[in-house]
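Reading through the structure tokens given below for one structure.
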Amino acid sequence: MIAKMKSFSINPYNAWIGFLLVLILAGVTSGIFVFIRGLVITNLTDQTPWGLWITLDLSSIALSAGAFTLCAGVYLLGLKQFKTLARTAAFIGLTGYGMAMLFLLLDIGRPDRFYNGFIFWNKHSVLWEVIMCIGLYFMVLTMENLPNFARWRWLQDKFPKLVDRMLKTHDTAPYLAVAGLVLSMLHQSSLGATYGVLISRPIWYRPGLAGLFFVSAIAGGIAMTLMVTVIAGMIRPGLQIEEKTISQVARFLGWALVVYLYLRFWDLFAMTYTIQPGRTEGFDLLTRGTLSFNLWFGEILFGILIPAIILLKGSYRQNKLVFLAALMMVVGGLIAYRWDTNMVGQMVVQSPLSVVILPRYTHYTPSLVEVISSAGIIAFGLFTITFGIRYLHLMEQMPFAKNKIN
Amino acid sequence: MNRREFLKLTLALIGSFAGHKLFGKFSFAEAHTNAKNGAHKWGMVIDQNKCNGCGFCVKACQASNDINPEMAWNKLYSSTKVGKKEIFTPVSCQHCENAPCVSVCPVGASYYRDDGIVMMDYERCIGCRYCQLACPYGARSFNWDTFSGPNPTIPEWGEPDIERRPRGVVEKCTFCFQRIDRGLAAGLTPGVNKAATPACVNACPMNARIFGDLTDPDSPVSKALKKSPAFRLLESLGTGPRVYYLPPQPVGEENNT
């Protein structure tokens with residue numbers, strides 16, 4: 001380590017790490033600021049109690065969904081060719097859930113009592129189910145990643161016996177895949193149900209959100225895994241990225257997007273077929289109101305339609321940059337969807353005084369502290385993924401393995 | 001005991017703990033979320049014919065419960081006009097029979113008391129604010145900041161009889177449970193004796209607010225509900241509020257009861 005510090009020079013890798021460290025430092029500072037001063041320094045209000053942090057929390061969980069999808073594919077369906085991708089996805093999953101927990105820690109009013117979620121059980125609450133699933137799935141992901149951490153050369157040199165034990169946990173992978181599948185299917189959809197059960201905000205929130213969150217998470221999670229893999233392959237030409245498997249998964253992703261697009265349109269238009277007052281106002285708000293740009297361009301056009309075409313057409317997919325752009329659009333589209341879902345129900349509420357639903361346009365723009373702390377957490381995620389690619393050799397066959405596990 | 005046995009035993013213990021929590025009869029969460037049938041069911045009636053929008057109830061509430069001036073448990077809306085008369089709707093926690101806030105709270109910090117009051121356990125609340133999204137009445141306020149300054153409504157509008165809530169928890173109207181509990185212990189009847197009645201009811205100069213036990217046919221609320229038609233806010237949602245409103249009568253037909 002010290003020897004490396006001495007031979008410090010400015011190359012792109014060091015610049016990248018330095019940039020991330022600066023962001024992380026800024027994020028930690030503003031996080032401490034939030035803990036000291038309280039949530040009063042955010043722009044959250046009693047009308048819009050959930051904002052940027054919750055959106056990014058939902059997004060990082062959804063973008064981690066590649067872990068359970070690909071692990072189930074490899075260990076349950078026996079698609080062994082996706083093993084490298086599954087390894088990457090599991091590591092991204094661990095990172096994503098770590099990020100989600102940090103976002104939640106910032107967001108709750110009493111971070112000193114976060115453990116109450118595990119002690120006091122209200123099993124009627126969807127959010128309780130989400131808390132339990134996230135806690136348990138984080139453990140599953142940690143177990144799934146033990147063989148990955150065993151690829152760290154430093155660890156291999158220092159603690160060879162420990163590394164042997166960590167590699168042995170690979171035997172449990174199929175069981176972990178089952179556990180991961182069950183837990184993920186539960187909470188990925190329950191995050192949508194978290195909004196879906198809110199009868200107080202009837203315009204956009206209804207039980208169908210559970211299915212939409214699940215399908216969009218599968219698409220987003222796979223896109224995130226592919227995106228990281230493709231970027232890593234571009235930056236480090238030494239990596240042998242298996243083009244064929246990537247292409248196969250990309251086609252699957254394209255079809256997943258088509259399904260998601262169908263469900264999304266069904267969701268958009270089905271909500272107008274109702275006698276319940278206010279549904280059309282909600283539809284109007286989303287399609288023509290303040291969120292319409294986000295919806296038509298962020299979600300539908302760039303989030304689903306264009307990437308689906310690129311991913312399904314082989315000749316477009318061949319172009320690395322176009323392919324990468326499509327994957328980034330899917331990831332961006334998922335974040336846009338989570339943002340819209342979070343905001344739209346809070347913007348239009350039913351007045352308690354009458355049965356008429358009054359669209360109420362709340363203006364929420366995240367405060368500086370929210371933005372900087374979020375940037376810090378995202379930088380932490382990127383830092384971890386960079387570490388994984390460089391030191392855990394996630395995307396290569398282990399070149400210096402003493403054991404035969406790859 | 002070898003390691004395998006130890007692991008099995010540990011897993012069995014964790015499993016039985018989880019099973020007990022989920023299906024057990026004496027689960028702590030169960031006691032919090034399922035209201036038993038207590039001797040009383042407290043309710044409130046607000047007569048919109050009498051309410052003139054003076055806002056005394058709001059101030060009495062702020063003082064008696066020592067609420068941050070930037071927050072409110074009791075809100076006064078000007079809802080409509082009947083003839084030339086402005087009609088007001090004061091809205092506080094409706095103490096619903098099927099409260100959305102209680103069912104969504106992940107830690108069971110919102111719970112039903114046996115007497116129907118929807119209560120907050122401020123020690124348990126983690127401040128996730130999900131209940132604020134769930135409440136159709138906007139009855140819940142979050143402590144965004146520590147309330148350390150003086151309360152401007154004290155002592156003019158009353159003396160606080162519960163302690164301030166810490167920063168980072170959600171709070172709401174409790175029907176002044178402290179006055180009810182103390183009053184009952186002293187043999188008083190809430191709704192009849194002032195010392196056992198919520199502060200907003202006592203403060204109303206127009207006697208527009210009536211309080212009492214909904215299960216007791218002789219209580220002031222039961223009598224008022226027998227006498228005239230009443231409605232509840234957003235009844236169609238199925239929340240079953242325990243705050244009733246007597247709708248304004250058309251001009252000329254005002255009943256002076």
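Modelled spin-label separation between A:ALA270 and A:TRP16, with each label point placed 7 Å from Cα along the Cα-to-Cβ direction: 4.2 nm. When chain A is treated as a Gaussian network with alpha carbon springs shorter than 10 Å, the biggest mean-square fluctuation among A:PRO366, A:PRO147, A:PRO237 belongs to A:PRO237. With the contact rule set at Cα under 8 Å and sequence spacing of 6 or more, what percent relative contact order holds for segment A:1-90? Relative contact order comes out at 17 percent.
How many Cβ atoms of partner chains, on average, are near each residue of B:227-240 if near means within 10 Å of its Cβ?
Averaged over the peptide's residues, the number is 2.
With a simple spin-label model that places each label point 7 Å from the Cα along the Cα-to-Cβ direction, the separation between A:VAL182 and B:VAL192 comes to 5.7 nm. Which entries in the list B:LYS172/B:LYS194; A:LYS80/A:LYS320; A:LYS168/B:LYS8; B:LYS41/B:LYS84 go over 28 Å, if you measure between the two C-alpha atoms of each? Exceeds cut-off: B:LYS41/B:LYS84. Absence of a disulfide-compatible partner, taken as no other cysteine beta carbon within less than 4.7 angstrom, is noted in chain B for B:CYS51, B:CYS54, B:CYS61, B:CYS96, B:CYS105, B:CYS125, B:CYS128, B:CYS135, B:CYS176, B:CYS204. Could you tell me the center-to-center distance, by alpha carbons, between segment A:116-159 and segment A:54-96 in angstrom? Answer, in whole Å: 14. Using alpha carbons only, how many degrees (0 to 90, rounded to 10) separate the axis of helix A:126-149 from the longest principal axis of chain A? That works out to roughly 10 degrees. Surface analysis of the protein assembly as shown yields an accessible area of 45 Å² per residue, using protein heavy atoms and a 1.4 Å probe. Dividing the mean sequence gap of close Cα pairs (under 8 Å, 6+ apart) by how many residues chain B holds gives a relative contact order of 26 percent. Across peptide A:342-351, the average count of Cβ atoms from other chains found within 10 Å of a residue's Cβ is 2. Taking every C-alpha pair closer than 8 Å and separated by at least 6 residues, the mean separation divided by the residue count of chain A gives a relative contact order of 26 percent. Using the Cα centre of the protein assembly as shown as origin and beta-carbon charges of +1 (Lys, Arg) and -1 (Asp, Glu), tell me which of A:ALA193, B:GLN249, B:ILE117 is placed farthest towards the positive end of the dipole. Of the listed residues, the answer is A:ALA193. Where both bridge residues fall in chain B, DSSP classifies roughly 80% of the beta bridges as antiparallel. Each of B:ASP145 and A:VAL322 was given a label point 7 Å from its Cα along the Cα-to-Cβ line. The distance between the two points is 5.5 nm. Peptides A:246-252, A:186-192, A:22-28 ordered by packing proxy, namely the average of other Cβ atoms within 10 Å per residue, highest first: A:186-192, A:246-252, A:22-28. Mean per-residue shielding of peptide A:34-47 is 3, counting Cβ atoms of other chains within 10 Å of each Cβ.
Each Lys and Arg contributes +1 and each Asp and Glu -1, all at the Cβ; summed about the Cα centre of chain A, the dipole is approximately 1160 debye. Listed by chain and number, the aspartates and glutamates whose alpha-carbon sits under 12 Å from that of B:LYS50, ignoring those within fewer than 8 places in the same chain, are B:GLU86, B:GLU254. Summed over both chains, the contact between B and A buries some 3900 Å² of accessible surface at a probe radius of 1.4 Å. By a 1.4 Å probe calculation restricted to protein chains, A:LEU263 has an accessible surface near 50 Å², given to the nearest 10.
The values are calculated or read from the model by the stated rules, or taken from the named source; none is laboratory data. Keep in mind it's a predicted model, so treat the numbers as computed, not measured. So basically every Cβ, Gly included, is an ideal-geometry build from the backbone, and we count neighbours across all protein chains shown. Just so you know, the surface numbers come from the protein's heavy atoms only, side chains and all, with ligands and any DNA or RNA stripped out. Shrake-Rupley method; radii C 1.70, N 1.55, O 1.52, S 1.80 Å.
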